[in-house]
Structures are given as C-alpha cells and as structure tokens.
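What follows is a set of notes on a single structure, which appears directly below.
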Amino acid sequence: MNDKTPLRELKGVGEKTEKLFQKIGITTTEELLRYYPRTYDVYEEPVEIASAEEEKTVSIRGTITGSLYSNQVRNLQILTTTVADQSGRLPVAWFNAPYLKGTLKKGSVFIFRGKIIRKKGRLQMEHPEIFTPAAYEEVVHSMQPVYALTKGLTNKAITKLVRQVLDTRPLKTEYLPDEIRERYQLADDNFAIRTIHFPGNMQELLTARKRLVFDEFLLFVLAVQLLKEKTEEAPNTFSMKPVWTTEEIIEGLPYELTNAQKNVWHEIERDLSGHKLMSRLVQGDVGSGKTVIAFLSMVLSAENGFQSALMVPTEVLANQHYEGFLKLMEEQNITSCRPVLLTGSATAKQKREIYQKIASGEVNVIIGTHALIQEKVEYKNLSLVITDEQHRFGVRQREALTTRGNPPHVLVMSATPIPRTLAIILYGDLDISIIDELPAKRLPVKNCVVGTSYRPKAYSFIEKQVQTGRQAYVICPMVEESEGLDAENVTDYAKKLQEVLPDEIRVEILHGKMKPKEKDEVMLKFKAGELDVLVSTTVIEVGVDVPNATVMVIENAERFGLSALHQLRGRVGRGAADSCCILISDNENDAVKERLRFLCHTSDGFAVAKYDLENRGPGDFFGSAQHGLPTLRVADLVQDTRTLKVAQEEAKALLAVDPNLAMPQHRALSDEVDRLFATAGAMN
Ligand code: ADP
Ligand code: MG
C-alpha cells in the first residue's frame, strides 16, 4: 500500500462503500488520511443520574431495573427500559435496535452514553451507546474522531477505515529538515497524522495540530514562492517603450484619474518597460476604476506592436469591456488597436475566423472569457495577459495562458479586497498594487436592512427613481422555483414585480441559465436605457458597470456572504447621482442580523472582507474551485497567523540557500510541494 492506493483495494471496501467515499471527495488512502475529523467526542467519567443535565451528552453507570418494552410507531421500533444508580432512575430509549434485546437483561450493569432530552416533561436518555464497565475503561478520557458524513456513510465506517490504513501503511520518511523541527519543536509527521485522527488527549491533539498547521503553511508558501522565482527569473522579452498615446488618452478622459490610479498606471508602465517580466496584482475596491488601467495597458502593448488579452469570468462582462474599449477608441481616435471579442457563444465558424485573425496578428487586443484559453487559440506576439476579477479563475488557467510561446506579462485585477495575510498566500507570486481611493464626486451608497413587509415602499421608491430616468436592479438568489428551498427566484419575482409596477416600467430578467446571446441582449438593452428594472441572479455581481442605475434591492440577503453583497451593491453608486441599496431579509438569527447591519455601516471593502473572514471562516476565499490552490485543512488564518509568519520566514530561509529545493536534503520536501500541487490540480 502507498499513498495513492485506491480505497477499493482496501479490505472491506466494495463498490457501494467506494461510491459513498467518493461523495466526500475521497478516492485514495492519502485523501482518507487527510480527511481530518471535524471535531472529537470525549468519553468522560460517568456522572450520577441525578446530575445529568438536559441537552447534554453524558455517560452514566447504571443497572437495568425495568423490563424491556418494545413499541412500534409507524416504521420506528422503539425499545425502552429504565436504568438506575444510587442517585436516581432514568428511562432510556433505543430506535430500531432489535439486536439489543438479548443484551439488555434486567439486573445487568452497563455504561450508557447518550444525550439527555426532555420528553413529555420527563428527562430520558436517547439511543445511548452501551459499554461493559471493562470496555468503557478502555475508552474513558480518549477522544474519538467525529467526521463530516454523507448519507449512508457512518462515522464508525470512516473511523474503522482510517484505523485500518494507519495500522497497515508503511511509515513515511520525514521530509522536514531536522533543524526546522527542532527549532519549533514540531512532532514527527507520522505521529501527527495518526494523532489528528486518534488523539490520546488534548495535549497530544494540540501537538499534532501544530505540526500539520506548520506544514500546510510552509508547503503553501514554498509552492507560491517557487512559482514566483520562475516568473522573476524570466527576462522581459516584450519590452515596451512608453508612448504619447496613453498620455493623450488620460488627458482626454471625461474625468481626471485619481492619484491612486495614476500611481498604479505608472507602476505598470515601468514594469512593462523594465528588464523583468511583470507579474502584478491590482487590488481596488469596487468602483475604484480598474478597467481604464487595463485598457491603457492594452493600448501600450498595441502601440509597441504586440498583442494583449483581457480575460474575464462572464460573457456579460466580456461584452461590456469590448464595447467599452470600442467606445474609448472612437472617442479618442486610437488607431493602433484592432480589437476582437472571443467568447463561448461565438459560432464554430466565427470562432475559426477569430482564431485565424489572432494567429495572423490581424487583431491585437483580444477580449473574452475562458474561450481565450482553448487549445486552438494561437497567439502571435502575446505580450500581456490581464485577468479581471481574477478570484474567479484558477491559478492553473492563468498558467495555461502563460505557457504558450514566450511568457507574457501578467496583470491580475481583483475587486476582492483581501486581508494582507491572505494576499500573501493567494498571490504571493505577484507584486501588489493597491488602488485605495475612489473617484471624487462619488456619493456613498445608502444602505438599509428591512423585512419583506417593506417591499411596497421599496417598489414605490423604484418607481420614483425610474420616473426620474434612473434604473434599478433586484437580486434574487435563485433562477426559478425550487422544491424545498424557500427563497425568491428571478422568474416568478419579475412577473410579480411587473404587476405591481406601472406598465410603462420595463422589467426584464437576467440569469446564468439563459443563453449567452440572450444575456448579452438584455445587458445591452439595460445599458442603453431601454430597460428600467433588471431582476437578476448574482451573474451581475462581477464588474457590471451601468452608472445610471441607482437602486439595488437584494432579496433573501441572508443567503449571501458579505463580500458578495459588497460586490453587488458596488453595481450602484457608480455615477454622480445618489444611490441606495436595500437589503431585504426576514431572517431572525442574531448572527445574520448582525452581519447585515455591519455591512450597512461600512463601505470599506477591506473591513467587509475581514469581518467575513473572522466570522465565517476563510471558506469563501479558499474554496479551491476559486483559485486552484490546495485547501487549508487544519490551518486557520485568524488563529494561526503567528505560525503563518514563522512558516514564511522558514520558506524564505530555505529558498535563500536552495532556490529550487534541488539539494539532496530537500528532496523529500520538494516532492511534498509537488504532491500538493498535483492534488490541487486534480481537484479543479
Ligand atoms: P472597477 O474598479 O469596479 O472595475 P470600473 O473600472 O468599472 O471600476 O469603474 C467604475 C466607473 O467609474 C466607470 O463608470 C468608470 O468610467 C468610472 N471611473 C473610473 N475612473 C474614474 C475617475 N478617476 N473619476 C471618475 N469616474 C471614474
Ligand atoms: Mg471591474
């Protein structure tokens, strides 16, 4: 057996079990061992019946004093009896457990471990585990793993299989250099893996966790740094000379660039004309004006005789950027650029033509979606790749684009303001520029959280705004009605809304299930002011720019993360007019209310992201689908920042001595880094 042994080859794993494990993402022994417990059950000393508290899981040592009753309630067979100790008596019930009949004999003594609940006014213990006193001796004080389950897969089944693998696999050779382990007193890897599943006590668990957290951070940082080394070493084969055209464009814009925009633009200009290849992340809150920076970079590339590509996550956004670029060219008389739009919705014939134009260099500004990284696209002199709203793209996809021909400069634009600790991990391979200034004249968006009873007022507000020539968005979490899910859907909502609003107000829908062409048409009409109200899902979350829209209503606001809500409300407040965002939610949960209230009281994207991180965990940022890097399984970015720092320092020290981890003593470590990326790739 090795790490990659498929589960199926283990004793006791048949086709059915294999499928169940697949559901929770486990196909190999390695993945099984990395499936760490969600929490642990501690088997405490038995308590007296009289002191057993309601709603707690406890162990009691009792004698069966009652007879055994069997009861059938619908398809549930219930066994009940009474147990007693010197402090009192307690009814106990089991469900569908006929096999216990032989065991539960009057007069016998057992340890019962289960939850105390109140039923018809009386306390009872429900469905306890049963141990002989000797068997309980063995587990008392130990911590039993509790795993995240899926239907059909029991905790026992997972526990058993993990134990089997731990007991039969060959031990791994340690890959961390000794001096690092000694410096931070880190446990051995084999111990850590075994103990995270089966800790003997709390101290052991903490020791195991410390090692695993350190490893996760160290490998992560090493992996990212190794990527960076590669790009930094690369010479600039697309050196660009600064040109007048970009200066003229800046002069001719209908607004003045903010200082932050100017600074970032100059950083990029310097990078592109420098000796090394650019790898830069531009972070700026929604509405800070990142698009124009991207356009300027593309013009500079074209003026220097090169191609550039701008890749975005949705067709709606691709279209918007393409139209925006055409408009800029027209208004400013730019002659060096020959743009093209490439998205998945182009017909096969159109695509062939576009590919041909790209390959021949007939076009030099290419704007599109994932379609840009299809194998068939061959670029000519591709000097610069820009990804907008990058958190929607995997790092690997970026790589796919970068590995054709000479590597191009990379510019990443993100509106997800992420705390610095995260930025280092996610984007450690990039230099970071921050646009920390919104255009002047912007009025802050007014926010409120209200219940559904407020809807009539919201609608009449929309009506008034439309009558003054403005437009509105309404966001619903779902596309159409779905069984069992109690949330508003775009399709029905739009109908209802149209009935409530006067006929002359034009309501349309937009969602991800529509054909790309339909989506574009709706979006173009909305932009052109031929529609007044757009009822949409979060497809408009990223990047959409219609400055005339001043109202945003979000239904079932409780269903969205704060960062998503912040992006959504960023769709309004883009022009000079007063805008507002109305969050509608009937949710009574205190944490939810607090979250929404927080959002209303801040307009700072960084503060919002920090709040989300601290209160909901890093899941939003670390879903591996979003960035293509492996997930952190034990490390916690809030709790473990100190370890992160230490791991960063160690990674730096290691690479200073051995930049490619090529020395024999680092071989095992380097393999481990590779393994990390191999699994991350497989998950995408
Ligand atoms: P984001 O950073 O969210 O991508 P955009 O680039 O879409 O923002 O810009 C938002 C809006 O602000 C656009 O309508 C754009 O024309 C406008 N804009 C950009 N820069 C400025 C500026 N310096 N002053 C005024 N308006 C600006
Ligand atoms: Mg944008």
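Laboratory data are not the source of any read-out in this text; all were calculated from the coordinates shown. All values derive from a computational prediction rather than experimental measurement. Note: ideal-geometry Cβ built from the backbone for every residue, glycine included; neighbour counts use all protein chains shown.
Simple spin-label model, 7 Å along Cα-to-Cβ: R38 to R181 in nm?
For the pair R38/R181, the computed spacing is 3.3 nm.
Treating cross-link reach as a plain straight distance, find the aspartates and glutamates whose alpha-carbon is under 20 Å from the alpha-carbon of K525, omitting any fewer than eight places away in the same chain.
E315, E323, E463, D503, E504, E508, E541, D545
Listed here are the pairs K106/K160; K376/K517; K11/K115; K327/K517; which of them are more than 24 Å apart at the Cα?
Working: K106/K160 32 Å; K376/K517 22 Å; K11/K115 33 Å; K327/K517 21 Å.
Flagged as over cut-off: K106/K160; K11/K115.
Report the one residue of L100, T27, V58 whose Cα lies farthest in the direction of the positive end of the charge dipole of the range 1-134 (charges on C-beta: Lys and Arg +1, Asp and Glu -1; origin at the Cα centre).
Farthest towards the positive end: L100.
Under the classification rounded if a/c is under 1.5, otherwise prolate if a/b is larger than b/c and oblate if not, where does the range 341-394 fall, given a ≥ b ≥ c as square roots of the Cα gyration tensor eigenvalues?
Because a/c hits 1.5 or more and a/b fails to exceed b/c, the range 341-394 counts as oblate.
Taking 0.36 nm per residue of sequence separation and subtracting the Cα-Cα distance, how much length would be gained by fully extending the chain between N263 and A359, in nm to one decimal?
Values: separation 96, 0.36 × 96 = 34.56 nm, distance 3.40 nm.
So the extension gain works out to 31.2 nm.
For a quick protection proxy, order the peptides 138-146, 57-65 by their average other-Cβ count within 10 Å, most packed first.
Working: 138-146: 15.6, 57-65: 19.6.
So the peptides 138-146, 57-65, ranked by packing, come out 57-65, 138-146.
Quick check on packing: order 494-506, 525-537 by the mean number of other C-beta atoms within 10 Å, highest mean leading.
Working: 494-506: 14.1, 525-537: 20.1.
Result, highest mean first: 525-537, 494-506.
Under a Cβ-Cβ cut-off of 11 Å, what is the net charge of the residues other than R122 that fall near it, where Lys and Arg count +1 and Asp and Glu count -1?
Taking every Cβ under 11 Å from that of R122, the sum is +3.
Going by how many other beta carbons lie within 10 Å of each one, how would you line up Y40, Y322, Y473, fewest first?
In order of increasing Cβ crowding within 10 Å: Y40, Y322, Y473.
Assuming R0 = 25 Å, what is the FRET efficiency of R118 and D590, from their Cβ-Cβ distance, to the nearest 0.05? List each step's numbers first, then the result.
Details: r = 24 Å, r/R0 = 0.97.
About 0.55, to the nearest 0.05.
Taking the alpha-carbon distance from K19 and a cut-off under 14 Å, which aspartates and glutamates remain once sequence neighbours fewer than 8 residues away in the same chain are dropped?
E9
Please order L342, L430, L524, L171 by the number of other Cβ within 10 Å, starting at the fewest.
L171, L524, L430, L342
Please compute the length gained on full extension between D503 and E481, using 0.36 nm multiplied by the number of residues separating them and subtracting their Cα-Cα distance. Don't skip to the end; give the middle numbers.
Numbers: separation 22, 0.36 × 22 = 7.92 nm, distance 2.44 nm.
Net length gain for the segment: 5.5 nm.
What ranking of H197, H127, H409 emerges when the number of other C-beta atoms within 10 Å of each C-beta is taken as an exposure proxy, fewest first?
Fewest to most other Cβ atoms nearby, the residues stand as H127, H197, H409.
Rounded if a/c is under 1.5, else prolate if a/b beats b/c, else oblate: with a ≥ b ≥ c from the C-alpha gyration tensor eigenvalues square-rooted, which is the range 171-244? Let's see the in-between values first.
Details: a/c = 4.16, a/b = 3.33, b/c = 1.25.
It comes out prolate by the Cα gyration axes.
Which whole-angstrom value gives the distance between the alpha carbon centres of the range 338-359 and the range 46-82?
71 Å
Nearest 0.05, what FRET efficiency do R74 and N201 give at R0 = 60 Å with Cβ-Cβ as r?
Using R0 = 60 Å, I get an efficiency of 0.90.
Charges only on Cβ, +1 for Lys and Arg, -1 for Asp and Glu: so what's the dipole of the chain about the Cα centre, in debye to the nearest 20?
Dipole magnitude for the chain comes out near 1900 debye.
With a ≥ b ≥ c the root eigenvalues of the C-alpha gyration tensor of the range 31-116, is it rounded (a/c under 1.5), prolate (a/b larger than b/c) or oblate?
On the way: a/c = 2.12, a/b = 1.29, b/c = 1.65.
In terms of gyration-tensor shape, oblate.
Which value in deg cm²/dmol, rounded to the nearest 500, describes the helix-derived mean residue ellipticity at 222 nm for the chain, given -39,500 (n - 2.57) per DSSP H run of n ≥ 4 and division by the residue count?
That calculation yields -12500 deg cm²/dmol at 222 nm.
Nearest 10 degrees, 0 to 90: what angle lies between the long axis of helix 605-616 and the longest principal axis of the chain (Cα atoms)?
20 degrees
For the chain, take the longest principal axis of its alpha carbons; what is the angle in degrees between that and the long axis of helix 259-273, to the nearest 10 within 0 to 90?
Result, in degrees: 80.
Convex hull volume of the Cα atoms in the chain, per residue, in Å³?
In the chain, the Cα hull volume divided by residue count equals 200 Å³.
To test your reading of the geometry: what angle, between 0 and 90 degrees and rounded to tens, separates the Cα axis of helix 348-360 from the longest principal axis of the chain?
60 degrees
Taking just the C-alpha trace of the range 180-328, give me its Rg and Dmax in Å.
Just the Cα atoms of the range 180-328 yield Rg and Dmax of 23.7, 70 Å.
Please give the residues of the range 442-477, grouped as numeric ranges, whose backbone N is less than 20 Å from a label point set 7 Å along the Cα-to-Cβ vector of H601.
Only 444-451 fall inside the zone, counting backbone N under 20 Å.
Residue by residue through the range 372-377, which ³J(HN,Hα) values in whole Hz follow from phi under the Karplus form 6.51 cos²θ - 1.76 cosθ + 1.60 (θ = phi - 60°), with glycine and proline marked x?
5, 10, 5, 4, 6, 6
Any idea which of S336, G284, L222 is furthest toward the positive side of the dipole for the range 215-368, if Lys and Arg beta-carbons carry +1 and Asp and Glu beta-carbons -1?
It is S336.
At 0.36 nm per residue, minus the direct Cα-Cα distance, what do K101 and K645 gain on full extension? Give it in nm, one decimal, please.
Going from the current span to full extension adds 190.1 nm.
For the range 119-249, count the residues as N, evaluate 2.2 N^0.38 Å, and divide the Cα radius of gyration by that value, please. Show your work: numbers first, answer last.
Numbers: Rg = 26.0 Å, N = 131, 2.2 N^0.38 = 14.0 Å.
Working it through for the range 119-249, the quotient is 1.85.
May I ask which residue of L669, V479, G573 lies farthest towards the positive end of the charge dipole of the chain, with charges of +1 (Lys, Arg) and -1 (Asp, Glu) on Cβ and the Cα centre as origin?
V479
Would you mind checking K380/K441; K56/K210; K276/K357 for any pair whose Cα atoms are more than 32 angstrom apart?
Beyond 32 Å between Cα atoms: K380/K441.
Treating cross-link reach as a plain straight distance, find the lysines whose alpha-carbon is under 19 Å from the alpha-carbon of K593, omitting any fewer than eight places away in the same chain.
Answer for K593, where 19 Å is the Cα cut-off: K446, K610, listed by chain and number.
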